[in-house]
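Just so it is clear, none of the values below were taken in a lab; they were calculated from the coordinates. All of these numbers come straight from a predicted model, not from anything done at the bench. Here Cβ is always computed from backbone atoms with ideal geometry, including for glycine, and neighbour counts include all displayed protein chains.
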Amino acid sequence: MESTRQGTKAHGHRVTSEVGRLRTVLLHRPGAELKRLTPRNNDKLLFDGIPWVGRAQEEHDAFAQALRDRDVEVLYVTELLQQVLEYEGARARAIADTIDDNRWGDQLRRVVRGYLEDLDPEDLAQVLVAGLAHEELKTAHGLVYRLMDRLDFIIDPLPNLLFMRDNSAWIGDRVAVTSLAMPARRRESTLTGLIYAWHPRFAGVEPVYDPSLEHVEGGDVLLLCPGVIAVGTGERTTPAGVERLARQVFDAGLAHTVLAVPIMQERATMHLDTVCTMVDVDTVVMYPPIAHSLTAHTVTAANGDLRVEGPRPFLEAAAEAMGLDRLKVIDTGLDPVTAEREQWDDGNNTLAVGPRLAVAYERNIETNAHLEAAGIEVIRIGGSELGSGRGGPRCMSCPILRDEPR
Ligand SMILES: NC(=[NH2+])NCCC[C@H](N)C(=O)O
């Protein structure tokens, strides 16, 4: 394929809320990268267990099918990646980014470069996602290669690519290619960045954020309504990241208010969407113990700088910014132990397909029952294997096109 972007077909990309009718979503069907997980590396690779890969794929296929059944177009990141790797420029960029790894010396870098350059787009995409194990690089002999642990990776796998929400997030008609905080995930946004830069489907899209900036992860970014964005700050998105994102979206005219929401810096609540997601234009589902203690600092633009007010209770600050009398919280009414168990299993991590219609893991029986009692239609999916990486339906999806919320 020639290295120009031809044959461009117009496809929409625009997301201004969490609940407008979902039209197009970007997913990653888990594959060989999950087979790299062992008890030696799962902590570093941010998984809490060793998933049964075949079953995880079945669960993921059922998730994708549930979305297609509701007329949502499902795009797969590996397919888009393979397509952009047909372009010489994109290939060169992908290889340059991958070999820019200072754990290797010149000798090993040269060998890896040669190895990657010989791969066709399909195999190159595969290595970029699944990584490269020591034993798979048979042509290397230098010092670094000899001294490496044989069970180590030369290119680390990306098992968390499954959680497509985190490495990019659409805000209006612009995409924020995020700056991931955990070393195990950094390479993810170089892949999504490549897709947005080269795929004809995204021709003309100018990112509003890029991975060289302060840490921001998509799981922390909640589009409360057009113009209002809540951004969690805790284990992943840093306060400096929220500040930078606020500047970027204000300058681009994509929002008028950003709410900086401190969350606990621990694994169970690594992103804002692990404790709070939206299920209707004026309704959230929230982890009960924090529903009334979460706070927000309201950030707005003021004479070329930022004005910061608060902290105030999150629900109050959000309602005011959204122009609502009240932001409703669905009372999941759980006893503290069940609440903690179901939060850990991503019970609060719902993906709205439209107002009052949400995908949720079936295992969170009590949370789902309360959602239904509150009038939310719940599309249940299995997630016993997918969930071992600590992410639910919202984490696993990057909405690219939603209707305006009504
Ligand atoms: N948006 C989310 N809550 N994503 C969940 C990400 C889980 C992933 N294993 C990580 O630790 O990074």
Amide H neighbours of R14 under 5 Å, at least 5 residues apart or on other chains, H built in the peptide plane: list them. L401, R402
Which residue, chosen from I229, V112, G253, occupies the Cα position most advanced towards the positive end of the dipole of the chain, where the dipole is computed from +1 (Lys, Arg) and -1 (Asp, Glu) charges on Cβ about the Cα centre? V112
List the DSSP H helices in the chain whose Cα atoms stretch 20 Å or more along the helix axis and whose mean Kyte-Doolittle hydropathy is at least -1.0. 53-69
Take V308 and E377, extend 7 Å from each Cα along the Cα→Cβ direction, and tell me the distance between the two endpoints in nm. 4.3 nm
Tell me, in nm to one decimal, what length is gained between Q265 and R146 on full extension, where the rule is 0.36 nm per residue of separation less the Cα-Cα distance? 39.0 nm
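Output the Kirkwood hydrodynamic radius of the chain, Cα pairs only, in Å rounded to one decimal. Show your work: numbers first, answer last.
On the way: mean 1/r = 0.0462 Å⁻¹.
One decimal place: 21.7 Å for the Kirkwood radius.
Can you give me the Kirkwood hydrodynamic radius for region 160-402, using every pair of distinct Cα atoms, in Å to one decimal?
On the way: mean 1/r = 0.0559 Å⁻¹.
Evaluated on region 160-402, it is 17.9 Å.
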Pairwise label distance in nanometres, V74 with E58, each label 7 Å out on the Cα-Cβ vector: 1.5 nm
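Find the percent of Cα-Cα distances in region 94-148 that exceed 17 Å, and round it to a whole number.
Tail of P(r) above 17 Å: 31 percent of Cα pairs.
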Determine the sum of side-chain charges near A260: Lys and Arg each +1, Asp and Glu each -1, restricted to other residues whose C-beta is under 11 angstrom from that of A260. -3
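At a 10 angstrom cut-off on C-beta neighbours, averaged per residue, how do the peptides 354-362, 44-52 rank from highest to lowest?
Working: 354-362: 21.6, 44-52: 16.9.
Those peptides, ordered most packed to least, come out 354-362, 44-52.
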Over region 297-344, with a single point scatterer placed on each C-alpha, what log10 of the ratio I(q)/I(0) does the Debye formula yield at q = 0.30 1/Å? -1.01
